[in-house]
Amino acid sequence: MAFTQLTSKMVRADVAPGQVVFSQRGAMLAYTGQVTFTPSITGGQGGLGSMLGRRIAHEAVPLMTVEGHGAVMFGHGGHHAHVVDLSGETLYVESDRLLAFEGSLEQGTMFMGSQGGVMGVIRGQVTGQGLFTTTLAGYGSVAVLAHGGVFELPVTPQAAVHVDPQAYVAHRGDLRNRLSTAVGWREMVGRGSGESFQLELSGSGTVYVQASEEKL
């Protein structure tokens, strides 16, 4: 099972017996067939520990479990949706960016400081996204939300990528993040763009960036 992109703001999941999909509560737009929707207590295969970690980090976006036989259409708030297919990798994504994901993926949380040390923690404070991020690992599909669409930027050992922290959506691969400053004379005299902080991602992988700096 994989998500099908129906429009830029809507995806479809074909659910079959024995398969589970998790989504944000209230994200179901329409469905066909015999499908049930129930609140999810643990939110994926991360278990109780993962749930507690998200609650402590204020990242406990309510999820629902989708099961049965049919097709379900998902969307949320008119935001753009983007499908990411995982083949054994780990996706790092802010919890409020998750639209839906397959139950075959293992969900967890990661302390921001473990990817970038103290700078990782500062990144969480500057972006307002908290000190933890959600992880989804294994084989399956994830649908994420963004303003104005998503584009993928490859990161290689020879070419790091710098992203406005508010435009960051998610990343996967063996990447390290570091919050850097880009303060020049224009910023010092109050004439700069205001983008004095940049998120630098280095290593090998992919970073997903939204086309707007607005929060969801």
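The values are calculated or read from the model by the stated rules, or taken from the named source; none is laboratory data. The structure displayed is predicted, hence computed values, not measured ones. Virtual Cβ from ideal backbone geometry, glycine too; neighbours counted across all protein chains shown. Quick note on the areas: whole protein, heavy atoms, side chains included, nothing else; ligands and nucleic acids left out. Shrake-Rupley method; radii C 1.70, N 1.55, O 1.52, S 1.80 Å.
Quick notes on this structure:
- The figure for E152 is an accessible area of roughly 90 square angstrom, using a 1.4 Å probe on the protein chains alone.
- Accessible area per residue was computed with a 1.4 Å probe on protein heavy atoms; Y92 scores about 40 Å².
- Segment 71-85 residues near the modelled F37 label - backbone nitrogen below 12 Å, point 7 Å along Cα→Cβ: 72-76
- Karplus (6.51, -1.76, 1.60) ³J(HN,Hα), θ = phi - 60°, over segment 6-22, in Hz, Gly and Pro reported as x: 8, 9, 5, 10, 9, 10, 10, 10, 8, 9, 10, x, x, 10, 10, 10, 10
- FRET efficiency for the A160 to R25 pair, using the beta carbon distance and R₀ = 25 Å, is estimated at 0.10.
- Cut-off under 5 Å, modelled amide H: who pairs with L99 long-range: A143, V144, L145
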